[in-house]
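Reviewing the structure listed below.
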Amino acid sequence: MNPKSLSIWLKVAVIALAFIGLCVYAVIIPSYGVSKLSEYPEFSNRFLPWLLFITLTAIPVYFALTLCYLIAVNIGKDKSFSQKNSRYLKWIMIDVVAASTYFFIGNVILLFLSMSHPGIFLLSLLVTLLGFTLAVAAAVLSHLVANAADIKNENDLTI
């Protein structure tokens, strides 16, 4: 597969993920919360804190998607192995660590404020672990892309 067609596929995938995320954050999560609120009105004091908490997770998600789109642009320019892509992957790693930390701390706070359930907290641990695993993968990819960029630069200078 040539770099231009791979870049197009990656861009389509990122745009599709962004659209799906928009549907989830703007429609599914609020409507699910409202439906649960009508079923359990005694939990009405938990609706807005949880809605705000979950909605704020969209910021790091869309930041990472933007960086993925920029990587796809560089792949289309046949600059897959570049220091720029390595930096983008490093920023994705930092973003995922920050988002996972936010998610964990937010769940702890909501649990201590009696606005959560221990089962939800245990599920959040799984999500946090998944986030840190993704961060490690991004860090490894960043390192490999940086090494490949260095090798590519050395080979470009060799006659």
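Would you please name the residue that is surrounded by the most Cβ atoms within 10 Å (Cβ to Cβ), looking only at residues in segment 98-143 that are among the small types (Gly, Ala, Ser) and not in a helix (DSSP H, G or I)? Per the stated criteria, the residue is SER116. Per the conditions (1) of a type outside the set (Gly, Ala, Ser); (2) at pLDDT 95 or above; (3) under 22 Å from LEU51 (Cβ atoms), the sole criterion not satisfied by PHE132 is (3).
For segment 86-105, which residues satisfy the criterion of being over 18 Å from LEU17 (Cβ atoms) and either hydroxyl-bearing (Ser, Thr, Tyr) or touching a Leu at 6+ places or on another chain (Cβ under 8 Å) (or both)? Of everything in segment 86-105, those that are over 18 Å from LEU17 (Cβ atoms) and either hydroxyl-bearing (Ser, Thr, Tyr) or touching a Leu at 6+ places or on another chain (Cβ under 8 Å) (or both) turn out to be SER86, SER100, THR101, TYR102, PHE104.
Hey, does segment 145-158 have a residue that's closer than 16 Å to VAL96 by Cβ, assigned to a helix (DSSP H, G or I) and modelled with pLDDT of 95 or more? Checked segment 145-158: no residue is closer than 16 Å to VAL96 by Cβ, assigned to a helix (DSSP H, G or I) and modelled with pLDDT of 95 or more. Part of a helix (DSSP H, G or I), over 30 Å from SER114 (Cβ atoms) and modelled with pLDDT under 95, is that true of LYS79? Criteria not met by LYS79. When the test is whether a residue is closer than 28 Å to TRP50 by Cβ and part of a helix (DSSP H, G or I), ASP95 passes it. In segment 141-152, the residues that are more than 10 Å from ASN85 (Cα to Cα) and of a type in the set (Asp, Glu) never reach a residue that is part of a helix (DSSP H, G or I) and modelled with pLDDT of 95 or more with C-beta atoms less than 7 angstrom apart, at least six apart or across chains.
Listed here are the residues, each with its yes/no results for (1) part of a helix (DSSP H, G or I); (2) over 14 Å from the mean Cα position of the chain (by Cα); (3) without any contact (Cβ under 8 Å) to a residue 12 or more places away in the chain.
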position: LYS4; (1), (2), (3): yes, yes, no
position: SER7; (1), (2), (3): yes, yes, no
position: ILE20; (1), (2), (3): yes, no, yes
position: VAL27; (1), (2), (3): yes, yes, yes
position: PHE47; (1), (2), (3): yes, yes, no
position: TRP50; (1), (2), (3): yes, yes, no
position: PHE53; (1), (2), (3): yes, yes, no
position: VAL73; (1), (2), (3): yes, yes, no
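In this structure, is LYS84 under 20 Å from LYS11 (Cβ atoms) and in a helix (DSSP H, G or I)?
Details: under 20 Å from LYS11 (Cβ atoms): yes; in a helix (DSSP H, G or I): yes.
Yes: the conditions hold for LYS84.
The values are calculated or read from the model by the stated rules, or taken from the named source; none is laboratory data. Keep in mind that what you see is a predicted model, and the values were worked out from it rather than measured. Please note: Cβ atoms are built from the backbone with ideal geometry, for glycine as well, and neighbour counts cover all protein chains shown.
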